[in-house]
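A quick write-up on the structure given underneath.
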Amino acid sequence: MLRITRGALIVLEGVDRAGKTTQCQKLVHALQQSGRAAEMMRFPDRTTKIGQLISSYLEKKSNLEDHTVHLLFSANRWEMVPLMKQKLEQGINLVVDRYAFSGVAFTSAKPGFSLEWCMNPDIGLPKPDLVMFLQLNPNMAANRGEYGIERYETSAFQRTVHQRFEELMQDSSVNWKVIDAARTIEEVHKDIKLLSECIISLAENQPVGELWR
Ligand code: Z5A
(Lines give C-alpha, C1' and ligand atoms only; values in the text may rest on other atoms or scores of the structure.)
Protein backbone atom coordinates (compact mmCIF):
# COMPACT_ATOMS: atom_id res chain seq x y z
CA MET A 1 0.00 0.00 0.00
CA LEU A 2 1.27 3.49 -0.85
CA ARG A 3 2.21 5.41 2.30
CA ILE A 4 1.92 9.21 2.19
CA THR A 5 4.83 10.76 4.05
CA ARG A 6 4.38 14.18 5.58
CA GLY A 7 5.70 17.37 4.08
CA ALA A 8 8.41 19.46 5.72
CA LEU A 9 7.83 22.87 7.28
CA ILE A 10 10.57 25.16 6.01
CA VAL A 11 10.81 28.79 7.13
CA LEU A 12 12.83 31.66 5.72
CA GLU A 13 13.63 34.53 8.04
CA GLY A 14 15.99 37.46 7.74
CA VAL A 15 16.39 41.17 7.79
CA ASP A 16 14.48 43.47 5.47
CA ARG A 17 15.28 43.00 1.77
CA ALA A 18 17.45 39.94 2.45
CA GLY A 19 15.57 38.19 -0.35
CA LYS A 20 13.12 36.04 1.62
CA THR A 21 10.23 36.34 -0.81
CA THR A 22 12.47 35.86 -3.86
CA GLN A 23 14.01 32.74 -2.35
CA CYS A 24 10.70 31.26 -1.11
CA GLN A 25 9.27 31.54 -4.62
CA LYS A 26 12.36 30.01 -6.21
CA LEU A 27 12.42 27.16 -3.71
CA VAL A 28 8.76 26.25 -4.24
CA HIS A 29 9.30 26.29 -7.99
CA ALA A 30 12.45 24.13 -7.77
CA LEU A 31 10.78 21.59 -5.49
CA GLN A 32 7.79 21.36 -7.81
CA GLN A 33 10.10 20.95 -10.80
CA SER A 34 11.75 18.01 -9.06
CA GLY A 35 8.36 16.34 -8.59
CA ARG A 36 7.73 17.27 -4.96
CA ALA A 37 4.52 18.85 -3.72
CA ALA A 38 5.32 22.32 -2.38
CA GLU A 39 3.40 25.48 -1.55
CA MET A 40 4.32 28.90 -0.21
CA MET A 41 2.75 30.68 2.74
CA ARG A 42 3.64 34.06 4.18
CA PHE A 43 3.15 35.87 7.45
CA PRO A 44 1.48 38.16 8.00
CA ASP A 45 -1.20 36.63 5.80
CA ARG A 46 -2.96 39.86 4.90
CA THR A 47 -5.97 38.11 3.31
CA THR A 48 -7.81 37.19 6.54
CA LYS A 49 -9.81 39.56 8.78
CA ILE A 50 -6.99 39.57 11.31
CA GLY A 51 -4.47 40.01 8.49
CA GLN A 52 -6.35 43.06 7.25
CA LEU A 53 -6.10 44.69 10.69
CA ILE A 54 -2.36 44.00 10.64
CA SER A 55 -1.98 45.30 7.09
CA SER A 56 -3.73 48.55 7.93
CA TYR A 57 -1.42 48.93 10.96
CA LEU A 58 1.72 48.26 8.88
CA GLU A 59 0.57 50.74 6.25
CA LYS A 60 0.09 53.29 9.06
CA LYS A 61 -3.58 53.66 8.20
CA SER A 62 -4.49 52.70 11.76
CA ASN A 63 -2.83 52.58 15.15
CA LEU A 64 -2.88 49.59 17.48
CA GLU A 65 -1.48 49.27 20.97
CA ASP A 66 1.86 47.35 20.87
CA HIS A 67 0.78 44.29 22.92
CA THR A 68 -2.42 44.10 20.92
CA VAL A 69 -0.71 44.06 17.55
CA HIS A 70 1.78 41.45 18.77
CA LEU A 71 -1.11 39.17 19.73
CA LEU A 72 -2.79 39.80 16.37
CA PHE A 73 0.36 38.72 14.50
CA SER A 74 0.37 35.55 16.60
CA ALA A 75 -3.38 34.98 16.07
CA ASN A 76 -2.76 35.35 12.33
CA ARG A 77 -0.42 32.35 12.55
CA TRP A 78 -2.71 30.30 14.80
CA GLU A 79 -5.66 30.78 12.45
CA MET A 80 -3.59 29.09 9.72
CA VAL A 81 -2.53 26.11 11.86
CA PRO A 82 -5.37 23.72 10.87
CA LEU A 83 -4.62 24.37 7.19
CA MET A 84 -0.87 24.02 7.70
CA LYS A 85 -1.28 20.69 9.51
CA GLN A 86 -3.65 19.43 6.84
CA LYS A 87 -1.21 20.28 4.05
CA LEU A 88 1.77 18.77 5.86
CA GLU A 89 -0.20 15.56 6.45
CA GLN A 90 -1.09 15.47 2.75
CA GLY A 91 2.64 15.42 2.00
CA ILE A 92 2.87 19.03 0.87
CA ASN A 93 6.11 20.79 1.75
CA LEU A 94 5.36 24.25 3.11
CA VAL A 95 7.80 27.07 2.42
CA VAL A 96 6.98 29.95 4.75
CA ASP A 97 8.06 33.59 4.35
CA ARG A 98 8.51 34.84 7.97
CA TYR A 99 7.06 33.07 11.04
CA ALA A 100 7.01 33.42 14.83
CA PHE A 101 10.68 34.48 14.87
CA SER A 102 9.83 37.70 13.05
CA GLY A 103 6.99 38.16 15.50
CA VAL A 104 9.35 37.98 18.47
CA ALA A 105 12.22 39.92 16.86
CA PHE A 106 10.05 42.87 15.80
CA THR A 107 8.00 43.29 18.99
CA SER A 108 10.95 42.74 21.33
CA ALA A 109 12.80 45.49 19.45
CA LYS A 110 10.27 47.89 20.95
CA PRO A 111 11.00 49.36 24.40
CA GLY A 112 9.65 47.38 27.37
CA PHE A 113 9.19 44.00 25.65
CA SER A 114 11.16 40.93 26.74
CA LEU A 115 11.97 38.06 24.41
CA GLU A 116 10.16 35.71 26.79
CA TRP A 117 6.89 37.67 26.82
CA CYS A 118 6.96 37.89 23.05
CA MET A 119 7.55 34.15 22.59
CA ASN A 120 4.66 33.08 24.82
CA PRO A 121 1.68 33.35 22.44
CA ASP A 122 3.50 31.35 19.74
CA ILE A 123 4.50 28.45 22.01
CA GLY A 124 3.09 25.23 20.55
CA LEU A 125 2.80 26.35 16.91
CA PRO A 126 3.90 23.72 14.38
CA LYS A 127 7.67 23.66 14.75
CA PRO A 128 9.61 24.29 11.55
CA ASP A 129 11.88 21.44 10.51
CA LEU A 130 14.31 24.04 9.24
CA VAL A 131 14.65 27.82 9.68
CA MET A 132 17.02 29.52 7.28
CA PHE A 133 18.14 32.99 8.32
CA LEU A 134 19.18 35.13 5.36
CA GLN A 135 22.08 37.15 6.70
CA LEU A 136 22.75 40.52 5.05
CA ASN A 137 24.53 43.53 6.47
CA PRO A 138 22.63 46.84 6.55
CA ASN A 139 24.84 48.46 3.88
CA MET A 140 24.17 45.69 1.40
CA ALA A 141 20.46 45.85 2.22
CA ALA A 142 20.49 49.60 1.55
CA ASN A 143 21.89 48.93 -1.95
CA ARG A 144 18.74 46.93 -2.73
CA GLY A 145 16.62 50.08 -2.56
CA GLU A 146 15.29 52.61 -0.12
CA TYR A 147 13.24 51.56 2.86
CA GLY A 148 9.54 51.68 2.10
CA ILE A 149 6.93 53.72 3.85
CA GLU A 150 5.54 50.94 6.06
CA ARG A 151 5.93 50.91 9.82
CA TYR A 152 9.28 49.46 11.09
CA GLU A 153 11.11 50.38 7.87
CA THR A 154 13.88 52.47 9.41
CA SER A 155 17.52 51.46 9.71
CA ALA A 156 17.75 52.07 13.49
CA PHE A 157 14.77 49.81 14.22
CA GLN A 158 16.00 47.15 11.78
CA ARG A 159 19.39 47.04 13.57
CA THR A 160 17.66 46.25 16.87
CA VAL A 161 15.51 43.63 15.13
CA HIS A 162 18.70 42.03 13.83
CA GLN A 163 20.10 41.83 17.39
CA ARG A 164 16.92 40.11 18.55
CA PHE A 165 17.19 37.56 15.74
CA GLU A 166 20.79 36.88 16.88
CA GLU A 167 19.47 36.16 20.38
CA LEU A 168 16.77 33.84 19.03
CA MET A 169 19.38 31.93 17.02
CA GLN A 170 21.14 30.95 20.27
CA ASP A 171 18.23 28.56 20.92
CA SER A 172 19.38 25.10 19.88
CA SER A 173 15.85 23.63 20.10
CA VAL A 174 15.26 25.23 16.68
CA ASN A 175 17.10 23.98 13.58
CA TRP A 176 18.63 27.30 12.46
CA LYS A 177 20.85 27.59 9.42
CA VAL A 178 22.46 30.92 8.55
CA ILE A 179 22.69 31.68 4.83
CA ASP A 180 24.97 34.35 3.38
CA ALA A 181 22.40 36.40 1.45
CA ALA A 182 24.97 38.84 0.04
CA ARG A 183 25.66 36.54 -2.91
CA THR A 184 23.73 36.30 -6.20
CA ILE A 185 20.14 35.08 -6.17
CA GLU A 186 21.23 31.81 -7.83
CA GLU A 187 24.08 31.14 -5.38
CA VAL A 188 21.79 31.69 -2.40
CA HIS A 189 19.11 29.51 -3.99
CA LYS A 190 21.54 26.63 -4.49
CA ASP A 191 22.31 26.44 -0.75
CA ILE A 192 18.65 26.82 0.23
CA LYS A 193 17.57 24.08 -2.15
CA LEU A 194 20.22 21.65 -0.91
CA LEU A 195 19.39 22.20 2.76
CA SER A 196 15.66 21.89 2.00
CA GLU A 197 16.04 18.61 0.11
CA CYS A 198 17.97 17.13 3.04
CA ILE A 199 15.39 18.19 5.60
CA ILE A 200 12.48 16.94 3.47
CA SER A 201 13.98 13.43 3.59
CA LEU A 202 14.63 13.64 7.33
CA ALA A 203 11.22 15.08 8.25
CA GLU A 204 9.28 12.36 6.39
CA ASN A 205 9.52 9.90 9.23
CA GLN A 206 9.10 12.28 12.15
CA PRO A 207 5.97 13.83 13.64
CA VAL A 208 5.57 17.62 13.40
CA GLY A 209 7.00 19.14 16.57
CA GLU A 210 5.71 21.97 18.77
CA LEU A 211 7.62 25.25 18.73
CA TRP A 212 9.44 26.29 21.97
CA ARG A 213 7.87 23.44 23.97
N1 Z5A B 1 6.22 41.46 11.22
C2 Z5A B 1 5.98 41.64 12.58
O3 Z5A B 1 6.17 42.72 13.12
N4 Z5A B 1 5.51 40.58 13.32
C5 Z5A B 1 5.29 39.36 12.77
O6 Z5A B 1 4.84 38.43 13.47
C7 Z5A B 1 5.55 39.20 11.35
C8 Z5A B 1 6.02 40.27 10.62
C9 Z5A B 1 5.30 37.86 10.71
C10 Z5A B 1 5.84 42.43 7.06
O11 Z5A B 1 6.46 42.76 5.91
C12 Z5A B 1 6.29 43.32 8.20
O13 Z5A B 1 5.69 42.79 9.38
C14 Z5A B 1 7.77 43.25 8.42
C15 Z5A B 1 7.94 42.41 9.68
C16 Z5A B 1 6.67 42.60 10.41
N17 Z5A B 1 8.24 44.59 8.67
N18 Z5A B 1 9.28 45.10 8.27
N19 Z5A B 1 10.13 45.75 8.01
P20 Z5A B 1 6.29 41.89 4.62
O21 Z5A B 1 6.49 40.43 4.95
O22 Z5A B 1 5.00 42.22 4.01
O23 Z5A B 1 7.45 42.40 3.70
P24 Z5A B 1 8.91 42.23 4.05
O25 Z5A B 1 9.10 40.93 4.74
O26 Z5A B 1 9.28 43.47 4.81
O27 Z5A B 1 9.70 42.14 2.74
P28 Z5A B 1 11.22 42.49 2.79
O29 Z5A B 1 11.81 41.98 4.05
O30 Z5A B 1 11.38 43.94 2.55
O31 Z5A B 1 11.85 41.79 1.57
P32 Z5A B 1 12.40 40.31 1.36
O33 Z5A B 1 11.24 39.39 1.20
O34 Z5A B 1 13.44 39.90 2.33
O35 Z5A B 1 13.17 40.51 -0.02
P36 Z5A B 1 12.63 40.35 -1.53
O37 Z5A B 1 11.30 41.03 -1.65
O38 Z5A B 1 12.76 38.98 -1.99
O39 Z5A B 1 13.77 41.21 -2.27
C40 Z5A B 1 13.95 42.60 -2.02
C41 Z5A B 1 14.68 43.23 -3.23
O42 Z5A B 1 16.01 42.74 -3.30
C43 Z5A B 1 14.03 42.88 -4.57
O44 Z5A B 1 14.19 43.97 -5.43
C45 Z5A B 1 14.86 41.69 -5.07
O46 Z5A B 1 14.85 41.56 -6.45
C47 Z5A B 1 16.23 42.06 -4.54
N48 Z5A B 1 17.07 40.88 -4.24
C49 Z5A B 1 16.69 39.73 -3.63
N50 Z5A B 1 17.74 38.90 -3.51
C51 Z5A B 1 18.80 39.53 -4.06
C52 Z5A B 1 20.19 39.17 -4.23
N53 Z5A B 1 20.69 38.01 -3.81
N54 Z5A B 1 21.00 40.08 -4.80
C55 Z5A B 1 20.52 41.28 -5.22
N56 Z5A B 1 19.23 41.67 -5.12
C57 Z5A B 1 18.38 40.81 -4.52
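What to note about this one:
- Which numbered condition VAL15 fails, given (1) under 26 Å from PRO138 (Cα atoms); (2) surrounded by 21 or more Cβ atoms within 10 Å (Cβ to Cβ); (3) at pLDDT 95 or above: (3)
- Whenever a residue of the range 8-22 is within 14 Å of LYS193 (Cα to Cα) and near the ligand (Cβ under 6 Å from one of its atoms), its partners that are of a type in the set (D, E, K, R) and assigned to a loop (DSSP other than H, G, I, E, B), lying with C-beta atoms within less than 9 angstrom and at least six residues away or across chains, give the pairs LYS20/ARG98.
- Scanning the range 90-115 for residues that are over 18 Å from VAL11 (Cβ atoms) and of a type in the set (D, E, K, R) gives a single hit, LYS110.
- When the range 150-161 is limited to residues that are of a type outside the set (Ser, Thr, Tyr) and more than 11 Å from the ligand (Cβ to nearest atom), the one that is surrounded by the fewest Cβ atoms within 10 Å (Cβ to Cβ) turns out to be ALA156.
- Residues of the range 178-192 that are buried (at least 16 other Cβ atoms within 10 Å of the Cβ), touching a residue at least 24 places away in the same chain (Cβ under 8 Å) and outside any strand (DSSP E or B): ALA181, ALA182, VAL188, HIS189, ILE192.
- Single unsatisfied condition, LEU31 versus (1) within 15 Å of the ligand (Cβ to nearest atom); (2) assigned to a helix (DSSP H, G or I): (1)
- Scanning the range 91-125 for residues that are on the phi > 0 side of the Ramachandran plot and out of contact with any Gly (no Cβ under 7 Å at 6 or more places or on another chain) gives ARG98, GLY112, GLY124.
- Counting only helices (runs of 4 or more DSSP H) that fall entirely inside the range 37-145 and contain at least 2 residues that are away from the ligand (no atom under 12 Å from the Cβ), the qualifying elements are 49-58, 66-78, 81-89, 115-119, 138-143.
The values are calculated or read from the model by the stated rules, or taken from the named source; none is laboratory data. Quick caveat, the model's predicted, so the values are computed rather than measured. All Cβ positions, even for glycine, are placed from backbone atoms using ideal geometry, and neighbour counts span all protein chains on display.
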